[in-house]
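Nothing in this text is a laboratory measurement; each read-out follows from the coordinates by a stated rule. None of these values were measured; they are calculated from a predicted model. Using ideal geometry, Cβ is built from the backbone for each residue, glycine included, and neighbour counts are taken over all protein chains shown.
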Amino acid sequence: MSYLNGPRINFYGGISINVDTANNDQYTTDGKPLLDLNDASVCSAQSDDDVIAYLREEVSNSKGQPYFVRGGWNYYGDHQVVLQQAKVSSSGAPGAMNQTGGLQHLPVYLLGGLEPGTGKGPYGGAVMVDIDPTSSVTSQIYAGGFQIGGGDTPALLVQGHAVSHSRLLGLRYSTSRVQPPYLTPGSAWASGTFQLAFRKQDIVSFDDSDPVLAAIINDPRSQGLVVRYSLFECFPGNDSASVRADLKANQNNANPSLGRVIGSVGAWYADELASDPLGRLLPNVKLGGAQGLAWLDESAARLSLDLVSALEGDNIRSNGQANTGPIGPNLDYGNLIISAGERQIASVPSNPGGYYEWGGLYDVALSTEAVALLKAHPIQITSDKNDLQITESRLRISSDARNLYTDPSDTRKAVTVRVHELGGPLLTPVVLQLSTSSPGTLEDGQFLEFPATVQVPAGATEVTIDLEFNAGSGFSLLEFKAVCASDYHMAFRRYPEHDYSALINAGNIAWADVYEHCLRFFYVLFPAMSKRIPLNDEATIQAVAGELLKRIDESYRPTTLYMPLTRALSPGKVALLRAYLNQLNGD
Amino acid sequence: MYNKVTCSQFKLARRLLTLLILPAVALADTTPAPAPPMPVPLSCALPVQAPSPDGSLTAFSDFSWLQFVALNWPAGAQRGVPDCTAAFGSSEKTVWQTYKTTDQLFLPNALDPGPWDAGAVMLFTLEHRAKAPADLPVEESVRQAVGGWLTDQHGNPTYYSISVNRVSYEYVVTNGYYNADIIAAADKVSFPEGALEVKAAWRILVDSDDHSRYHTMTAQVTEYDSEGNNTGRTREAVVGMVGMHVVYRAPGFPQWTWATFEQVDNTDASHGVQPSYFNENCSGPHCTPNVSPLITGAPFTAPNQVTRVTDLDDEVIAVNQDWQARVEGTPFQYYRLISPQWPTDPSDPGNPQGSPFPSTVANTVLESYIQPISSCMDCHSTARVPGNATKSNYSFIFLFAQQPAKAQGESQ
C-alpha cells in the first residue's frame, strides 16, 4: 500500500523558504578561505564588521551581470518554511476523488515543533536545513506537525517531530525555453519532493466525521499519515536591484525563495519508509532528473500516478511575489498514453490547466490484461502532444537514510537500502555499486569506508550495508548505482574532532574563547539569529544561558528548535558552549 | 527630513493654492465646490483596532501616531485615564505616565501590588535599564537591552522606564505573576487584548538644552559615580523624553503591534541644535559611532557617539510631517516616529512569529549598538518567564518578578 492507492487529501498553494544563503560559500580571498564551513569558524583576521561588510558587497555572476550580494540572495534569511495560502483542493479515494466535502478549501499548515520535555509551543515554523550548505541536493525540511483547518478546532491537528528530505530532484522547466522574470538561482527551474511521516500517536485531534480523514487515520494497516509535497518554481521574491537597494538603506529585509507547492496527505502504511513512499519510479527521459511514481493496484485494476515532478511546466510566473494564485499550466501533453510490454494499455487526459487541483495525481482504470502487462513490464508513458517520454526505472533504490550526521566518535554505521524491481521484490540478483563524491562545492571529505559493490539476491527487497568512518571530517555523498536503476545517494556530514577539554577543565571559561570558537561564525553568517539573540553580546548570552542550554541539547536535535538550526556545531564545540553556559548558570 | 519651517511653508502654500483655485472652480461650475478637507482633530482616545495586517506602512504609521497622541494626552484624575478637556501638550503628566511602572508592579518580596487605583500617582524613580534580569547588580540599571549604557553629550546617563496599562497590570496581578515562583510555573502566558506597555528613555536636561523641545518631567534620578557604580543616592532632575516604545496587544495580533518614537535632536544635527548623542567634532579615542562602551572601554562619563543606521522610510517621513504639523505648538512636534512594526501574517499557525515588517527597526537611544540587526518582534519573541519554562508572550517585564519572602525557619 501507498498513499497512491489509499484515501488522500490534495492541496496546493504557495511556499516561502527563507534560507540564509551566506553559508553557501567559503569565500576564497587571496587564495585563502574566509570561512571554514566544516569547522564552523571564521578564518579571516578581519573584524566582524569587516566580514559582514564583505558579505554585503554587491557582486556579479560569471557573465558579469549584477547578482545580489556576496552573501547571496538572502543574507538575512532565518530558514523558516511557511506554506502560503495552501488549501485543500480535492479529496477522496483513488478513482473517486472529488472537490466537495468538509475539507475542501480548508487551509493547510506545516507546523513548527513543540519543545521537548515541556510540550510548549510551537514558537516558530518548519525549517529548511542543507546538510551540506554548498550543495543543491542535500536539503531537509524539519517540521513539528501539520494542520488542516484553522481556529481552535481544526479538522486535523498533528504534533510530532519529523524530517523530510529532498527527493525526485530534477528539472520542471526547460532552461532554454522558459525564464524567470529576473536573474535567479537554478532552483527556479527545478522541482523537489519531500515527505513527512507522523505516527498515529502524533495525531492530536481530527474530525472523525470526515470520511476521508477517518479512512486515512482509522485504517488498521496505517501507522500514521504522510504529508507529501512537491516544491517548484522557487526563486527569490525580490530581484537583485531590490535586494541591493534594501541593504544599501540598511533595511536588511529577508528575501525568501517563494515557490509553489502541490501536496497530498495519505496513510503511512506499515511496510513503508517514513520519508519515501512505495511505488515504481518514472523518470522523464527528456527533462533532466524529472521523475514520478506509480502504484499498480492489482485488485482494483487501477494504476495511480504521481506526475507532479515528472511533467514539464509551461511557464514560470513573471511576478516573483505572486506565488499564491492558481498555478500555471503544464505543457499540454494532450492525452497521456500508458504502455507496457510495447502494448498501449490505457490513456488519460493530461489536464494541463487543472492537474494541480488533483495533487498532480492520475488514477487510470485498467483491464485485466493491462494489469498483467504492468506486473511484468516497465511502464512507458508517452503523449499525443509535445512528445512526453517517461520510461520506468526497472529498479528503484531508496532508503530513509538520506542525510546523516555523524560524530567524530562514531566508527561505523549500518544503513538499510531498499531495492525494488517493478515495485516488488527483486526478480533477479542485483549488484549495487558504491562510490563517493562531493555533495557540493567542497571537496569530498573521504571519511567513508564502504564496500565497492554489494550483492542483493533475487527475492530480496532490501539490504543492510555496514559503513565505517575514518578520521576525516566534512561532507560526502555516497552514491548507489545499478544496471536499470536510477541513481540514489546519501549525504553525510561528519563533524570534525574539536577538543576543548583543556579550556573546560581549567574552569572559568573566557567569553572571548567561547565567542571565537562557538558563536562568531554564526554571528557574521546568520544575522537573523542575532536579531533574536545578539550572539556577540556577552551580557545577552549570559541572560539567555538557560534557554540556550536547552536548545543545544541533543533532545532538540530532531526538532525545528535546535540551535544552531544549521546543525553546524561539532560535538566538541557544543561541549565548550555547554560548559560556558553551565558556568554562567553556576552549575 | 522634517523641519518646522518646511511644514509651515507647506501649509501656507496649500492655503494659497486653495485661494487661487477656488474662484476658477466657481467660474467653471455652478455646483458647490467640495469643502476643503478639515483636519482631523487630535483625539485623546487610544485607538483599539489596528489596521489590517496587510495594511500599508502609512496606515500603521498613522495608527502609531494616534497611540502616541492618546498616550501623551494630559492625564485626568483617574490613573490611566485622559483629561479630554485639556489641550494636548498642556501638561507634564500624561496618560501613560500614570500607568504603573515595573517598580510599582513588582514589589519587593513579591507583595501584592494591589488594585490598579491603589496608591498615588508618583514621580518616577529613574533607575532601571530597559530589560534586566532582576538579580543583576544595581549598577546595571542604566544599561540598554543590549550593549551597555548610553551617555549623552553632557556626560549624563540615559535612563529607562517601563510602564504598563491597566489591562496589562491586572493580568499580571490577577494571576499573581508578580511573584517569580508563580510566573515561573505558569503553563501559558497570554496577555489579553488591550494590554499595552511603554518603554521610555530619558536624559537629564541641562541649562543649555531647549526644554521646549522635550516632553519633560521632574524625576528622582539615581546617581552614578564615574565608574558607573550606583552611589545609592538619588536627586531630583528635570528629564526630557528621548525615546518611546509603544507595544500594544491589538485585537487579532497575538504578536502585538509595535512602534517607536524619538526626539528629533537625538542624533540629527540638521535642526540647528547640537544633537544629544552625537558630536560631529568628536575627538579622542571613543568617536566611532554605535559601538558599545563595553567593547570600546569608554568610561561611563564619556559621551557615546550614536548615529542613525537605517534611514526612515519615505512613507513614515510623510506621516511624521503630517502629525508634527498637527501637534505644532507642543513639545511633541519635536518627536518623530521611527517606524511601526507589525506581524503581516499574524494568524498563521505555521508562522507563529508572524513575519514582522519592517524587518529592521531601531531606536537610537534604546538599541544604540545593535541597529543593523534590531527588530522589536524578533527580540521580544525570545522573552521567557524566569526559569525559562515557557515564553512570556513577547513581554520582558517578568524579568522584574520578585521572589516571595522566605517563611521563618526556611533556609535563606
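Listed values for segment A:98-113 are Karplus-derived 3J(HN,Hα) couplings in whole Hz (6.51 cos²θ - 1.76 cosθ + 1.60, θ = phi - 60°), namely 8, 10, 10, x, x, 7, 4, 6, 5, x, 10, 10, 8, 10, x, x, and x replaces Gly and Pro. Annotation for A:Ser174 and A:Ala458: the two label points, set 7 Å from Cα along the Cα-Cβ direction, are 4.3 nm apart. For A:Ile345, the residues whose modelled amide H falls within less than 5 Å of its own, excluding neighbours fewer than 5 places apart on the same chain, are A:Ile338, A:Ser339, A:Ala340.
Hull volume per residue, based on the alpha-carbon atoms of the protein assembly as shown and their convex hull, is 215 Å³.
Label point 7 Å out from A:Tyr182 along Cα-to-Cβ: which residues of segment A:250-291 have amide N under 16 Å? Within reach of a label on A:Tyr182: A:250-259. Compactness of segment A:501-585 was expressed as the Cα radius of gyration divided by 2.2 N^0.38 Å, which yields 1.00.
Could you tell me which of the pairs A:Lys413/A:Lys573; A:Lys550/A:Lys573; A:Lys573/B:Lys199; A:Lys550/B:Lys406 are separated by over 27 angstrom between their Cα atoms in the structure shown? In this structure, A:Lys573/B:Lys199; A:Lys550/B:Lys406 exceed 27 Å between Cα atoms. In terms of its alpha-carbon gyration tensor, segment B:39-400 comes out rounded; the largest-to-smallest axis ratio a/c stays below the 1.5 threshold. For B:Glu280, A:Glu312, A:Glu479, the sequence from fewest to most other C-beta atoms within 10 Å is B:Glu280, A:Glu479, A:Glu312. I need the Kirkwood Rh of segment A:395-494: take the reciprocal of the average 1/r across all distinct C-alpha pairs and report it in angstrom. Computed over segment A:395-494, the radius equals 13.8 Å. The charge dipole of segment A:458-568, taken about its Cα centre with unit charges on the Cβ atoms of Lys, Arg (+1), Asp and Glu (-1) only, comes to about 420 debye. Rounded to whole Å, the principal axis extents of the Cα atoms in segment B:346-412 read 54, 34, 11, largest first.
If you plug the beta carbon distance of A:Glu479 and A:Glu58 into 1/(1 + (r/R0)^6) with R0 = 41 Å, you get a FRET efficiency near 0.65. Amide H contacts under 5 Å for A:Arg567: none, restricted to partners 5 or more places along the chain or on a different chain, H placed in the peptide plane at 1.01 Å from N.
Kirkwood hydrodynamic radius computed over chain A comes to 25.0 Å, based on all pairs of distinct alpha carbons.
Around the Cα centre of the protein assembly as shown, unit charges on the Cβ atoms of Lys, Arg, Asp and Glu (plus for the first two, minus for the last two) sum to a dipole of about 1200 debye. Counting neighbouring beta carbons within 10 Å and listing from fewest to most, the residues A:Val59, A:Val574, B:Val264 come out as A:Val59, A:Val574, B:Val264. A dipole drawn for segment B:39-400 from +1 and -1 charges on Cβ atoms has a positive end, and of B:Val206, B:His380, B:Val291 the residue lying farthest that way is B:His380. Taking amide H atoms as placed 1.01 Å from N in the peptide plane, the amide H of A:Gly288 lies under 5 Å from those of A:Leu171, each 5 or more residues away in sequence or on another chain. Here the mean projected area of the convex hull built on the C-alpha positions of segment B:278-412 is 14.6 nm². Label-to-label distance, B:Asp187 versus A:Val285, with points set 7 angstrom from Cα along the beta-carbon direction: 6.2 nm. The Cα atoms of segment A:142-279 define a convex hull whose projected area, averaged across directions, is 11.1 nm². For A:Ala245 and A:Ala506, the FRET efficiency from 1/(1 + (r/R0)^6), where r spans their Cβ atoms and R0 equals 45 Å, is about 0.35. Projecting the Cα atoms of A:Val415, A:Val430, A:Leu395 onto the dipole axis of segment A:395-494, where Lys and Arg carry +1 and Asp and Glu carry -1 at the beta carbon, places A:Leu395 farthest toward the positive end. Note on B:Ala87 and B:Asn281: with the Förster distance fixed at 41 Å, the Cβ-Cβ geometry gives a FRET efficiency of about 0.55. Calculated mean residue ellipticity, 222 nm, chain A: -4000 deg cm²/dmol, from DSSP H runs (n ≥ 4) at -39500 (n - 2.57) each, averaged per residue and rounded to 500. Placing +1 on each Lys and Arg Cβ and -1 on each Asp and Glu Cβ, with no other charges, gives chain A a dipole about its Cα centre of roughly 860 debye.
As a rough footprinting exposure proxy, the listed residues A:His420, A:His79 were ranked by other beta carbons within 10 Å of their own, and the order from fewest upward is A:His420, A:His79. Between the residues B:Asn109, B:His154, A:Leu4, the greatest Cα displacement towards the positive end of the dipole of the protein assembly as shown, with unit charges on the Cβ of Lys, Arg, Asp and Glu, is found for A:Leu4.
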